[in-house]
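For reference, the structure discussed in these notes is given below.
The values are calculated or read from the model by the stated rules, or taken from the named source; none is laboratory data. Since the model is a prediction, treat every value here as computed from it, not as a measurement. When we count neighbours, we look across all protein chains shown, and the Cβ atoms used for this are built from the backbone with ideal geometry, even at glycine. Side chains included, ligands, DNA and RNA excluded: accessible areas come from the protein's heavy atoms. Shrake-Rupley method; radii C 1.70, N 1.55, O 1.52, S 1.80 Å.
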Amino acid sequence: MDDFFARVTSRKHAWPAGRADLHWHILHTPAAVGQLTDPYRELVDRPGLAWVEERWMHTTILHGGPMQEYRPGEIDAILARVRQECTAVEPFELTYDRPTPGTVAVERAARPGAPGRRLWELTARIDAEVTGNRFPLIPAAWYPHTSLAYGVSGPERPDRSAIKVALSDVQDGPVTLTVDRMALVAQSHDGRHITWEHLADVSLGGSR
């Protein structure tokens, strides 16, 4: 498994350590996050992996531009427009499947993708319209997932086959959670962990 943070700091549109970028996330309650993580905590406690603490567990909708590059009033305008359009988007459920070791993270992919993809399209369109399309579309294609652990730098790389063997011994099934809001955050990383400053919540369908 590769180093997730090496990938994001070296890609064409790099996200360097310490820089806060605007993100839209699906966030769940601590109790719901525990359903996703508790059976697997010991499994991913191994060299080359950095476990995601429950308070930082997320499903990314959109990775926007650097916070310092938004002009005065743009983030407020984006938030207001997203909040208005989300009144027409009904809450929905996401079913998170059992985790699998990917290229850069141990992920729980979720389904169905279509309701969340509508939020990705909505936030991406509004960001582009307000900013004059100054920032790249990240991700360029969206599917719902949350990462339990990221591949990180170090002398040892995680063995995907060993992780698959360990996963096969966990008696756990899919977890279905309700999505009734999005969170706007200013997110950064230190090369091992992702953290953020919470900026606002946006309810779906007028939910409270």
Legend entry - Per residue value of the accessible surface for the chain (all protein chains in place, 1.4 Å probe), Å²: 48
Legend entry - Gyration tensor verdict on the chain (Cα atoms; rounded if a/c is under 1.5, prolate if a/b is larger than b/c, oblate otherwise): oblate
Legend entry - List 12, 164, ordered by accessible area with a 1.4 Å probe, largest first: 12, 164
Legend entry - Prolate/oblate/rounded label for the stretch 147-208 (Cα gyration tensor, a/c 1.5): oblate
Inset, instruction - Please arrange 120, 24 by accessible surface area, largest first, computed with a 1.4 Å probe and ligands excluded. - result: 120, 24
Inset, instruction - Would you mind classifying the stretch 102-165 by shape? Square roots of the alpha carbon gyration tensor eigenvalues, ordered a ≥ b ≥ c; an a/c under 1.5 is rounded, otherwise it is prolate if a/b is larger than b/c and oblate if not. - result: oblate
Legend entry - Accessible area of residue 156 in the full protein assembly, 1.4 Å probe (Å², nearest 10): 100
Inset, instruction - Evaluate the charge dipole of the chain about its Cα centre and quote only its size in Debye, nearest 20, assuming +1 on the Cβ of each Lys and Arg and -1 on the Cβ of each Asp and Glu. - result: 440
Inset, instruction - Give the accessible area for residue 138 in Å² (nearest 10); use a 1.4 Å probe, count only protein heavy atoms, and leave out ligands, DNA and RNA. - result: 30
Legend entry - Long-range amide H partners of residue 152 with built H, under 5 Å: 4, 49, 50
Inset, instruction - Enter the accessible area of residue 131 (Å², nearest 10), with the probe set to 1.4 Å and all protein chains included. - result: 10
Legend entry - Karplus-derived 3J(HN,Hα), 6.51/-1.76/1.60, for each residue of the stretch 125-135, Hz, glycine and proline x: 5, 5, 4, 5, 5, 6, 8, x, 6, 6, 10
Inset, instruction - Apply the Karplus parameterisation 6.51 cos²θ - 1.76 cosθ + 1.60, with θ equal to phi minus 60°, to every residue of the stretch 110-121 and state each ³J(HN,Hα) to the nearest whole Hz, in sequence, with x for glycine and proline. - result: 10, 8, x, x, 4, x, x, 5, 4, 5, 4, 5
